[in-house]
Each structure stands twice: as structure tokens, then as C-alpha cells.
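Participant: Below is a structure I'd like to ask you about.
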Number of protein chains: 2
Amino acid sequence: MATPRRTSRDIRSESRLDVLHAVLVAGETTRNEIARTTGLSPSTVATIVGELIAEGIVAETKLTVGRVGRPTATLTMNAARGRVVGIDVAETYVRAVMFDAALNQIASVDDPRDEHVLDAGTVVEGIGSALDNLLRQGGVTRADILGVGIALPGLVQGVSGASGVVPHWNWDRVELVHLRDRLGLPLIVDNPLKVIATAELWLGRGRYCSSMATINLGTGVGAGIVLESRILRGATNSAGEWGHSLLVLDGRRCRCGRHGCVEAYVGAPGIQQTLREIEPGHPLADLTMQRDFIRAMADAAGLPDPDPAVKKTIERTAYYLGSALADLVAVVNPEIVTLTGWTTWALGEYLLPATRARLIDQAPGRAAADLRLEVSTVRGNIVATGVAAIALERFLTDVGLLTTRIPITL
Amino acid sequence: MATPRRTSRDIRSESRLDVLHAVLVAGETTRNEIARTTGLSPSTVATIVGELIAEGIVAETKLTVGRVGRPTATLTMNAARGRVVGIDVAETYVRAVMFDAALNQIASVDDPRDEHVLDAGTVVEGIGSALDNLLRQGGVTRADILGVGIALPGLVQGVSGASGVVPHWNWDRVELVHLRDRLGLPLIVDNPLKVIATAELWLGRGRYCSSMATINLGTGVGAGIVLESRILRGATNSAGEWGHSLLVLDGRRCRCGRHGCVEAYVGAPGIQQTLREIEPGHPLADLTMQRDFIRAMADAAGLPDPDPAVKKTIERTAYYLGSALADLVAVVNPEIVTLTGWTTWALGEYLLPATRARLIDQAPGRAAADLRLEVSTVRGNIVATGVAAIALERFLTDVGLLTTRIPITL
């Protein structure tokens, strides 16, 4: 009946992760600097750096700083340790990105998907061929790859690694074994919300606050939540499904089958529906591909004198988004909320001011008074980066440096 | 910039708290039994039990178990160590409860308040006189009291102990110093949502799951959230303000000033408004005291053939409550949700089945498939009990046994 306890071993593991993050974020750093940014003692830092160097994760170079004094050792991630792959499987595309072991992007392959073809066999083959193309493009073989991480939309269940469930895609189970056999590499699969939270934790704001939520705005929407430097996963790995919390009781039908979900208002198709309600015959109202629609909205919103229907759609969307964020802030009360995802990259600058105003107005008490709402600082494909970070974490777990429990490893 | 880190000292503190909880929950126990239920090693348990006995928190008696073998020491809380007081300041009453150091209730004083008189001076004096009456009734002096905990409605802010904000009461600041001077005892003040979460953590389901939410249903409504045996406080101690998350965008006006909050539908006045909408001239629709209304609803719902308007009000409230709980489950994804508060005690049995059905239907994916929804197992006044537990925690912190950071201590 006892809950899983955090042990001294976990604390050592967390300290190793902190040191690793410090090196990763700094690019180049020193033992003293790591001690300063992590709050760990210099002797703990020295021990951990030794362990990371021994495993070839961190590399050391010597250089002299200043005109006098002993040479100071500079530490960097050992980029040459191997390659890590992150694959972002979205409704509208598969993107496979290769990183070196310092999480620098090396190569990427982008396969548009027909967003209307959802069967498991097609998606698995799409992932497999994206990986093959990526390896070819990067000029590496499977032996160079430390691990592959795949972010699958939907509610990936099962902390013990049992199964994946992607209800939006009409799959009952992602055929994970099939996927593993097709790829032939150490594999982790995770929910995109946990993946973006991981990216924020490794590379974004998550290291520097006690609580944050990262909002993914795309076809679907959701929140990656970080509390005290840990990802909030929830009992069935479905924490953060804020996109399927209610905005309007008995409101618009959501593609999840329920009514009034946040996603039905601020997901890309929801934004298009808002435009359709405002002006049914608007030329952008009938674009059939979501990404074309969002791009066209951004172009229209960026004009000196935007089309009134577009302007009103942006205002209305910000009102919905701010209201829905206020709900999340009411329950979790984080220090920072960041926005990410392709809708953010396209429309974020137009949405942000009115969203912030509505959020502050709507959040209870002073919950949002000091809240920071900003666009995520994690650049590039945050999903591919985050899931590559989890794949690297799995590798570090396999070599005995971490005790992280990763939900689905294959 | 580094976040507060959990240290080995914190782990020792948590282990002490685990041992204390094990003794408290068991009533009578042994070192072996504690090791089994907490998952701590026998030697750690022995060390901690020694520390708790030395401080007079735990008491030891000897008895022989079985027909052969050495006598086994039985451990109990040392109830005689002193008294702890928990004060539940609600909109409609002030209840002061005296506990022994094993958190057994000894005496209680219940002062109905005029729910329409909200000024700080009146409330402070009401708390002070409730405490005086309680001491008289319990036959003890201030010297016997280890500490007093007070739960104040509203959003108590300030992790560093700065100020309390009770917006519903038109107070800008609870006059905490005034309160401390009036009481003349070591004091902690906390938000009722953190208090009920603490009660669940010390005495309810919270010890035995990795995540839970406890829903308080009364005049106001809110959620106490426990994640991995810790209270989710949030950046401004206002996490769990689920009662002021949206149920209906632009819906009913809430007494917080915003529109469509959960509280405006499932708080006691909200339930009465639902009845009023269903049958404006209903005899219960115009009762002016909330508690009279809720009691009358329970009486009416318990009849063999309930009044259709009452029945419909219960159904509608369960629909609202289940929908709003599904939102909380979508974001936090806890293992267990418990219901507590005076509306629960009165109407829980009538609300629970339909609430559960709506929750399962409305929660995304499988987030609610294995979720347990039940009435809290913490009996008596959960708010007074929870805040007394925090006062005891403060005492244990003062004597050096814990490292807990309690938001507002005076």
C-alpha cells in the first residue's frame, strides 16, 4: 500500500540530471559554474562530472582563464557520443529529427501525412520510412543511434509499458511491437504533452521555476505540466489533457466525441469553425488543410489593415484561450505558462496580448497576478527535441546513471 | 535561479512524517508493522521511533504477543503530550475543535455566524471567543496548547507568510497580527483546500495513492490536491481553486465577480439557484439560510417519492458536478477523488451515482476508467482536523523533527 518513495539513490540520480542539464543549457561551462547554477556542493558536482566523463557523456577540455592562475577545465556535452532520434508523429505530418548527444540538431526529415488516413499500418510504415530516410540523410547506420523516441498523439496509457491508445485516430492500440520490429532500435514512446514538458524541463523555463505549464496549440491542444522539476504524468499518464476539459458546457462537438472541450475552440479546426461562425462565406473558411488555414490566417492578420472577420476570429480565439488558461491556472497555479506548437509559431504574436488580458481577468484571486505568459523559448521542433531528450534519458538509465521511470520503453 | 532542492535532510523529515502517520493511522502498532506499511528499512524505523519517543510524541508500552518469544513493544501516539486546536472559519459558522496530540477530538465549540456579516473585526473576535469557550469547555489553559491552526476561506496567499486575502469577504487582508495578538498562541493560518488535502494525507486516502483530489462542497467549492504525498500549493498557494474554473463560458454570475464558475453551479447557493430555475415558486427556493436549504433538500430527496423539482435539481447538480470533476481529472489525472464538506454529508448519497456516471462519460480517454470517486473517509470536521494536523506539523518543525515549510506561521 505504501507509495513509491524517493530514495537517496533517486536524489543522486536527480543531481546527475541537474548537472547534465546545466552542461546542456550552458553549452560550455565549468565545475564551479555548475555548482553555482544547480545549488549542489562543489564536491558533489566533481563526483558527478567524473561519472559523466567516464561514460563519455560529458567531455573536458583545458584552457587558461585570465592572465594568471591555474588552467580551468571547460566542460561540454560529448556530442560525438552517438546520435539520438526524436520523431514527432502529428495528425498532419511525421517529422524525424536526428540530434547529436548534446541535443544539437543534425538532420531532419519531414513527411507530410494525409491527415485523413489514420490506420495503424500506414502510420507505422510512415514512421519507419521517415527513420530510414533520416539515417540515409545523416549518413549514419543503426549502430550509431543511442535511442529513438516517438511522440504519438492521443492518450498514451500504461506506466508499466502496456499499451498505447490513440482514440482520435480510431486505433484501439498503437501496434508498438510492430513499430519496434520495424525500427529495430531501442525505443521509447510517449504522449506529446509529457514530451513538451520534458523539453521545457531540459532546455526551457522548466529548470528555473517550481511549476510551469506548456501549452501545445496545433490540431489538438494540451498542457505539459512540470511541478518541482518533475513531469506531472498522472495515474494513467494522461495528466495535462486540458484540451479536453470543458470550456462551454454542452458546447461545440469535439472530435473526441464529447461537447464543449477547449480543443473544439482553440485547436486549428476550432479556430476555423469560429471564423465560419463569424462569416460563413469567408474565403479562408473552406480551406481543407489545417496548416494552410493557419498560415493564411497569419498572413491575413499580419496585414496593415486586417480583414474584420479575421480580426474578430483572433479576438474570439484569444478570449477562449485566455478563459481556458485561467482554468488551468486556477487548478495548478503555476509560475509560468508558455505557448508552443505550430499554431503558436504562426498566430502567437496576434493572440498573446488579448489572451493575457483575459487570463488575468478570469483567473481567481491573485493566481495570475505574477504569472508569466510567454511563447516557449525552446526553438525548433519542441516535440522532436523533447522526445529525443527522453530517449537520451532512457540511454542514461540503461547505463545506470539515472533512476527515471519512463512509461513505455521497448 | 536554481529551484528549491530536496535534500537528504528533507528525506529524513519525510520519513519521520511517514512513521508518525503510520502510528497515527494504526492507533496501536509495532516497529515491524511500521516498516511494512511505510516501506522504510527496520533500522530507519528504529532510529525515527527513538527520536519521536525522545520528544514525547510517541509512547511505548510492552506486551507479550503469542505464547512464546520475546515481548513486543507496542507504539501509540502520546496523546498526553499536549493539546492542538483546529478552527474552521466558514462563511456560515466558526467551529473550534480541541484534539489531543494523537488527533483525537476532545471538545468542540460551534458558533453559528451570520453569513452576511463579513468584516474582519467581527470574524477575529468570533474566532477569539470560540477559542476561549473551547479552552473553558476542555478545562485547559493556554499553556497546555501546542498550537492553533485556523482555516480561512478565500485565497490565502504568500508562501513566505506575508498576508491573507479573502476576497469573498470583502477583506483586503486578514488582520493576522490582530488575530495572533487576540489568541496569544503559536498560530498557523492556511487555505481550507490545503487543509482538507492535509487531512486526507494524514488520516485519509492520501497515504495510499500517488495522487488524489478532495473536493470540498459547501458554500464555496474547491479541490485539495495531493501528489506523491505532498500538497499541491501552487505559486501563490492558490492551487486547487477548481471552484473558480469555468463550467459555462459567460454563464451564471459567481460571487467572485466572474461568470460561469463551477461554484456558481455546485456551491450551496448555486444548487438553490438551479432549483429556482427549475421551479421558481418552489417552497425551498426562498429559504434564506444555505444550511437550512441543503438540509431541507436532503430531507426532500430522502422521501420515498421525491418532489420532481427536487429530483431534477439533484440530477442537474450531479451533471454539473460530474462535468466539472471531469475537467479536474483531465488536467491532474488523479487515482482517487473524494468528496467532503457539509453539502456532501447532506446530499452526497443522492449525488454520487449520477455524478460518477457523468464523470466517467466526460473525462478524456481512459483518465477516469480506473478512477475511484467516493465520499471521504475522514470523519468529523475535516477542516478542523486538517488544520490541527498542520498546527501539529508546525510544532514538530519547531522542535526540529520536520523541515516542512508551512506558508503562514505566526
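Participant: Tell me, which residue of the stretch B:394-410 that is out of contact with any Gly (no Cβ under 9 Å at 6 or more places or on another chain) and in a helix (DSSP H, G or I) is nearest to B:ASN237 (Cα to Cα)?
Facilitator: Taking the candidates together, the pick is B:THR397.
Participant: Return the residue satisfying two criteria in turn: it lies in the stretch B:77-110 and is of a type in the set (D, E, K, R) and under 17 Å from the mean Cα position of the chain (by Cα), and of such residues it is surrounded by the most Cβ atoms within 10 Å (Cβ to Cβ).
Facilitator: Applying the filter and picking the extreme gives B:ASP88.
Participant: Continuing with the same structure: What do you reckon, is B:ALA389 under 18 Å from A:THR236 (Cβ atoms) and modelled with pLDDT under 95?
Facilitator: In short, no.
Participant: Can I ask one more? Among residues belonging to the stretch B:234-263 that are touching a Lys or Arg at 6+ places or on another chain (Cβ under 6 Å) and open to solvent by 10 Å² or more (accessible area, probe 1.4 Å), point out the one that is nearest to the other protein chains (Cβ to nearest Cβ).
Facilitator: Across the stretch B:234-263, the extreme among qualifying residues is B:THR236.
Participant: Within the stretch A:27-48, can one find any residue that is without any contact (Cβ under 8 Å) to a residue 60 or more places away in the chain, assigned to a helix (DSSP H, G or I) and within 24 Å of the chain's Cα centre (by Cα)?
Facilitator: yes
Participant: To continue, here is another question. In the stretch B:214-233, which residues are in a loop (DSSP other than H, G, I, E, B) and more than 8 Å from every other protein chain (Cβ to nearest Cβ)?
Facilitator: If the condition is that a residue be in a loop (DSSP other than H, G, I, E, B) and more than 8 Å from every other protein chain (Cβ to nearest Cβ), then B:GLY218, B:THR219, B:GLY220 are the ones that fit.
Participant: Can you spot a residue in the stretch B:376-391 that is touching a helix residue (DSSP H, G or I) at 6+ places or on another chain (Cβ under 7 Å), closer than 19 Å to B:ILE196 by Cβ and open to solvent by 30 Å² or more (accessible area, probe 1.4 Å)?
Facilitator: The answer is yes; a qualifying residue exists.
Participant: Let me ask you something else. Name every residue in the stretch A:371-410 that is within 18 Å of A:ARG83 (Cα to Cα) and among the acidic types (Asp, Glu), in order of residue number.
Facilitator: A:GLU393, A:ASP398
Participant: On the basis of being modelled with pLDDT of 90 or more and under 25 Å from B:LEU246 (Cα atoms), does A:ALA235 make the cut?
Facilitator: Answer is no for this residue.
Participant: Among the numbered conditions (1) in the same structural domain as B:LEU328 (by TED's automatic domain parsing); (2) polar (S, T, N, Q); (3) modelled with pLDDT under 90, tell me where B:SER160 comes up short.
Facilitator: Looking at each condition in turn, B:SER160 falls short on (1).
Participant: In the stretch A:202-213, which residues are surrounded by fewer than 24 Cβ atoms within 10 Å (Cβ to Cβ), more than 10 Å from chain B (Cβ to nearest Cβ) and not charged (D, E, K, R)?
Facilitator: Those that are surrounded by fewer than 24 Cβ atoms within 10 Å (Cβ to Cβ), more than 10 Å from chain B (Cβ to nearest Cβ) and not charged (D, E, K, R): A:TRP202, A:LEU203.
Participant: If you don't mind, there's one more thing I want to ask. Could you check the stretch B:245-287 and list, in sequence order, the residues that are among the basic types (Lys, Arg) and part of a loop (DSSP other than H, G, I, E, B)?
Facilitator: Listed by number, the residues that qualify are B:ARG252, B:ARG255, B:ARG258.
Participant: Residue by residue through the stretch A:292-346, note down the ones that are surrounded by fewer than 20 Cβ atoms within 10 Å (Cβ to Cβ) and within 19 Å of the chain's Cα centre (by Cα).
Facilitator: Passing the criteria: A:GLU335, A:TRP345.
The values are calculated or read from the model by the stated rules, or taken from the named source; none is laboratory data. Keep in mind that this is a model prediction, so the values were computed, not measured. Because the Cβ atoms are built from the backbone with ideal geometry, glycine has one as well, and the counts that use them run over all protein chains shown. Just so you know, the surface numbers come from the protein's heavy atoms only, side chains and all, with ligands and any DNA or RNA stripped out. Shrake-Rupley method; radii C 1.70, N 1.55, O 1.52, S 1.80 Å.
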